[in-house]
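The structure appears below as structure tokens.
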Amino acid sequence: MAKQAVQLTKKNRTKFRFQKLKMCKKCNRYSVLKDHHCPTCGSTFVELDSLIKSIVRNKLFNEACLILILVCIGIVGAPTVKTLYYSLIAGLVFCLLYVVLTFFYFKSENFIQLKLLLRSDLSKIKSGIHYDTVLAEEEARDNMLSMAYEKYREIGDFILNDAIKLRQVKLLNDMILRSDMELEIEGLVPSGYDPDFVTYTLEAIKINRSLVTKKCIGYFVQFKEEVIRDFGMDSLITVAGTALRMKLYIMEFSEFIEEYLDYFPKERVLRLCSILHANPDINWGSLGDKTKSLVSVKYNYDPDFKRFVS
Ligand SMILES: [Zn+2]
């Protein structure tokens with residue numbers, strides 16, 4: 001199948017994962033998709049934050065009503081004017097303390113209600129997300145790749161599991177990737193070896209080398225043999241080359257880099273030399289020695305390497 005040219009919209013980012021959840025009050029159904037309206041009944045989704053706030057507001061209102069009723073009973077039932085005043089003063093002090101305490105513990109009350117809601121609605125949340133994946137799968141079947149991928153991307157942000165990651169990877173492999181797309185590798189790294197993920201990563205690296213992170217390099221190191229078997233050594237040379245992006249990666253994966261150093265293009269060797277040269281205090285171990293000997297054998301008379309050759 002020929003790859004599809006698509007447009008992708010930006011991901012819906014939230015500070016906390018639970019903030020992706022929204023609910024249709026009419027269908028009593030949860031969703032993590034970007035849609036503002038329920039696809040079943042058309043009602044506007046209520047975000048979990050607002051839902052929690054309204055639960056807390058109702059709870060506080062009910063408690064405030066209960067306090068007022070108790071104060072009124074105290075006043076009505078007071079046998080003398082003196083006890084009536086006592087009841088009134090006690091009621092006012094109680095109300096004041098309640099307001100002050102509510103103000104101080106408002107955030108923790110929100111958190112408690114959030115935990116209770118997530119616990120009580122767990123099966124509803126699960127079935128809501130299952131419905132989200134059914135919608136995504138239908139779009140994937142109808143060849144609406146970008147819409148299906150965007151749905152899986154939102155679901156994958158909420159549930160971290162290999163099946164959702166690999167659905168995204170398969171869809172991405174059917175698209176023409178471009179630099180203006182909001183691509184990622186880190187969030188798609190599966191727990192086991194998967195050739196579709198490797199295919200996607202090697203394609204994404206061509207577009208944006210900075211997508212490669214420590215987790216991604218670690219994956220290629222872990223499944224080195226499988227990658228060489230299915231994709232050849234060039235793919236590992238590429239990934240090892242991307243590890244030169246940061247000093248920390250070079251330190252972390254020095255053995256991996258050393259293994260493929262002889263096959264690096266000149267530009268990558270130059271990059272490695274610049275980093276080693278700029279950080280003489282770091283003990284680069286055998287990578288430092290191997291780089292020096294490579295430069296002296298291969299680039300000894302190259303003017304670009306003049307400053308590294310002593
Ligand atoms: Zn609905």
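No value in this document is a laboratory result; all are computed from the given coordinates. What you are looking at is a predicted structure, and each value in this text was computed from that prediction instead of being measured. All Cβ positions, even for glycine, are placed from backbone atoms using ideal geometry, and neighbour counts span all protein chains on display.
Odds and ends about this structure:
- The residue among Y105, I73, P265 whose Cα reaches farthest toward the positive pole of the charge dipole of the chain, with charges on the beta-carbon of Lys, Arg, Asp and Glu, is I73.
- Label-to-label distance, S274 versus N62, with points set 7 angstrom from Cα along the beta-carbon direction: 6.4 nm.
- Computed FRET value (nearest 0.05) for N283 with E203, which takes r as the C-beta separation and R₀ as 30 Å: 0.25
- Calculated FRET efficiency for the pair K126/R245, C-beta based, R₀ 51 Å, to 0.05: 0.85
- C-alpha long axis of helix 233-242 to longest principal axis of the chain, angle in °: 60 degrees
- For the chain, the calculated P(r) over all alpha carbon pairs, in 10 Å bins from 0 to the bin holding the longest distance, is 5, 19, 19, 17, 14, 11, 7, 4, 3, 1, 0 percent.
- Model label points for L160 and M233, set 7 angstrom from Cα along the Cα-to-Cβ axis, are 3.6 nm apart.
- Ranking G285, P303, V56 by Cα position along the charge dipole of the chain, where only Lys, Arg, Asp and Glu carry charges on their C-beta atoms, puts V56 farthest toward the positive end.
- Close amide H partners of Q4, meaning residues 5 or more places away or on another chain with modelled amide H under 5 Å apart, are M175, I176.
- Ranking of L248, L202, L236 by neighbouring Cβ atoms within 10 Å, starting from the fewest: L248, L202, L236.
- Here the label points at M144 and Y85, each 7 Å from Cα along the C-beta direction, are separated by 7.3 nm in the simple model.
- Principal axis box of the stretch 1-101, alpha-carbon based, largest edge first, Å: 90, 28, 13
- FRET efficiency estimate (nearest 0.05) - Cβ-Cβ, R13 to N173, R0 25 angstrom: 0.55
- Assuming charge only on the beta carbon of Lys and Arg (+1) and of Asp and Glu (-1), the dipole of the chain about its Cα centre is about 1180 debye to the nearest 20.
- Once backbone amide H atoms are built at 1.01 Å from N, R29 has C24 as its partners under 5 Å, excluding neighbours fewer than 5 places away on the same chain.
- Multiplying the residue separation of V100 and I73 by 0.36 nm and subtracting their alpha-carbon distance yields 7.4 nm.
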